[in-house]
Each structure stands twice: as structure tokens, then as C-alpha cells.
Amino acid sequence: MFSINQLSAAQLIFSVALCAQLAACAPVVVVGAAAGGAMVVDRRTSGIFIEDQGIELKAEKAIIEQIGENTHANITSYNLNVLITGEVTDEATKGKAEAIVKNIEHVKSITNELVIADKSSFGTRSNDTYITSKVKTNMVTENRFQANYVKVVTESSVVYLMGLVTHKEADDAVDIARNVDGVEKVVKVFEYLD
């Protein structure tokens, strides 16, 4: 039989252990809630949203395994349409990367924007991230359409716009992106609803 002091100590240990386990779950719950929130304002079904994430992970892994880490290839999937950006050493590697992505289950189409060049620097990639954030911020600020309808990808100051949009939303997105400092070119990779 436990005394009151022993029971309190046992309860305290159990409580601490339980809190530690729950704390470990918190990031999973937060990430899951964030993904769920993103899906609520997304025109893709939740199944396609998850499939897009799977395509990106599978393609990136397959490219690293089959081509190697000397290639800088970014994979973005939106409604099963895949955009490949980055740098490769030659035309054969560019074709091989596209063939790898084409073999991923459920891919509808591929836009291969890989360029033959040296791998981009950390500074270039940081600038691309900054440009993407400025474009997304302006989309929210201007409020011409639901900003989550458009996926923004920047590679070497070229902005790629993806999403399920109307022609008006596409024109507005291009106009916003085009007017952001540092953007050299805007490329539409949209799927149209109208």
C-alpha cells in the first residue's frame, strides 16, 4: 500500500512523464493543424494536396539517388502538375531528371525549367526566398484574390506562378509579381478554371 507521500511522488512522476510525452506531440499537432488550415483555403482536394506533397518528396529523393547531390533540382507539385527548377550540368541530366519525375505515380504534367549552369549559391537562394516572400506579401496586401490560390516559386530571380485560378486571378498574380523589386521574369504555370 502507498502512503500519501509515496502516492503524491508517484503521481508527480507520472504527471511529468505525461507532460513530456504531450510536449513531444505538440509540434505534430501544430503542423497538422497548419496543413489542415492551408487545405481549407486551397482549391485542391485534401487528397490531391497530400498527393502533391508525396510527389515532391518522392521526386526529390529519386533525383538525389539516381543523379546525385551535384544537381540542384527543386520539385514543386500543384494539382499533380510538376514544376522542376534549379541547375544541372548538362542537357542529358536535365532530361534524366524529367524522366525520373515522369515515373512518379499520379504526375499529370511536367514543366522542366532546369537550366544548364553551376549550382546556385547560398546568397542567390536566399535572395530567391526573399523575393518569394515579397511576392506573397504583396498578394495578401493587394487582396485581389485569395493568396493561397497561387503557389510562388522563385529560382535565380525568375518567379514561377502555379495554381488553380481564373484568367483574371492569373493576370492579377502576374501583375503583382512583375512589380516586385528584384523579379527579372514571371513564368505562368497555371491550370485555369474558366
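I'd like the residue in segment 138-168 that is assigned to a loop (DSSP other than H, G, I, E, B) and out of contact with any helix residue (DSSP H, G or I) (no Cβ under 7 Å at 6 or more places or on another chain) and, out of all such residues, is surrounded by the fewest Cβ atoms within 10 Å (Cβ to Cβ). Explain how you work it out, then say what you get.
Taking segment 138-168 first, the residues assigned to a loop (DSSP other than H, G, I, E, B) are 143-146, 156-157, 166.
Keeping just the survivors that are out of contact with any helix residue (DSSP H, G or I) (no Cβ under 7 Å at 6 or more places or on another chain) gives 143, 146, 166.
Values: Asn143: 8, Gln146: 15, Thr166: 14.
In this case the residue turns out to be Asn143.
Of the residues screened, Asp171 is one that is closer than 25 Å to Thr45 by Cα and either assigned to a strand (DSSP E or B) or over 17 Å from the mean Cα position of the chain (by Cα) (or both).
Residue check: Ser77 meets all listed conditions (1) open to solvent by 10 Å² or more (accessible area, probe 1.4 Å); (2) closer than 18 Å to Ile55 by Cα but one, namely (1). Within segment 91-116, being more than 18 Å from the chain's Cα centre (by Cα) and either at pLDDT below 95 or of a type in the set (S, T, N, Q) (or both) holds for Thr93, Asn103. With respect to Val135, is the statement that it is β-branched (Val, Ile, Thr), surrounded by 14 or more Cβ atoms within 10 Å (Cβ to Cβ) and assigned to a strand (DSSP E or B) true? No, not satisfied.
Okay, residues lined up against (1) touching a strand residue (DSSP E or B) at 6+ places or on another chain (Cβ under 8 Å); (2) polar (S, T, N, Q); (3) part of a loop (DSSP other than H, G, I, E, B):
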residue	(1), (2), (3)
Arg44	yes, no, yes
Gly54	no, no, no
Ala62	no, no, no
Glu65	no, no, no
Gly68	no, no, yes
Ile75	yes, no, no
Val82	yes, no, no
Glu87	yes, no, no
Ala92	no, no, no
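The values are calculated or read from the model by the stated rules, or taken from the named source; none is laboratory data. Keep in mind that what you see is a predicted model, and the values were worked out from it rather than measured. Virtual Cβ from ideal backbone geometry, glycine too; neighbours counted across all protein chains shown. Accessible surface is based on the protein model in full, side chains and every heavy atom, while ligands, DNA and RNA are left aside. Shrake-Rupley method; radii C 1.70, N 1.55, O 1.52, S 1.80 Å.
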